[in-house]
1. What tally of residues in the range 1-36 results from selecting those that are surrounded by fewer than 13 Cβ atoms within 10 Å (Cβ to Cβ) and farther than 22 Å from residue 70 by Cα?
2. On the given criteria, is residue 58 surrounded by 14 or more Cβ atoms within 10 Å (Cβ to Cβ) and within 30 Å of residue 9 (Cβ to Cβ)?
3. I'd like to know if the range 36-56 contains one or more residues that are in contact (Cβ under 8 Å) with a residue 24 or more places away in the chain and not hydroxyl-bearing (Ser, Thr, Tyr).
4. Of the residues 83, 64, which is outside any helix (DSSP H, G or I) and under 27 Å from residue 16 (Cβ atoms)?
Amino acid sequence: MNEDPILRTRAKLGLLAERAKKLGYLLFLAALIIFVISFTTEFNAASTSTIVALLIGGSVILAPSIILGYAVKAAEREDLGLPHGH
């Protein structure tokens with residue numbers, strides 16, 4: 001079976017986007033857990049720096065992955081001849 005290279009690339013990018021979204025949300029969850037623990041005990045410089053780093057890392061990973069995920073879905077809709085949704 002000779003698969004279309006564009007469809008194969010799109011599938012890889014879709015998988016990458018899904019994994020990156022999971023990682024981004026996981027970083028946000030870790031920041032939230034550390035925040036709650038620090039809030040109930042005591043904030044210090046290390047916990048604050050960790051929370052900020054996790055939030056920045058999550059944002060840097062999550063924003064492009066969401067956009068890439070929407071792009072893959074839009075390309076699939078275009079291939080099927082469905083409306084753009086605009």
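Just so you know, all these numbers are worked out from the coordinates, no wet-lab data involved. Just so it is clear, the structure is predicted and the values come from calculations on it, not from any experiment. Glycine gets a Cβ as well: all are built from the backbone with ideal geometry, and neighbour counts include every protein chain shown.
1. 6
2. Working: surrounded by 14 or more Cβ atoms within 10 Å (Cβ to Cβ): yes; within 30 Å of residue 9 (Cβ to Cβ): yes.
When the stated conditions are applied, residue 58 passes them.
3. The initial filter retains those residues of the range 36-56 that are in contact (Cβ under 8 Å) with a residue 24 or more places away in the chain, namely 54-55.
Still in the list and also not hydroxyl-bearing (Ser, Thr, Tyr): 54-55.
Scanning the range 36-56, I find at least one residue that is in contact (Cβ under 8 Å) with a residue 24 or more places away in the chain and not hydroxyl-bearing (Ser, Thr, Tyr), so the answer is yes.
4. Values: 64 fails: outside any helix (DSSP H, G or I).
Answer to the selection: 83.
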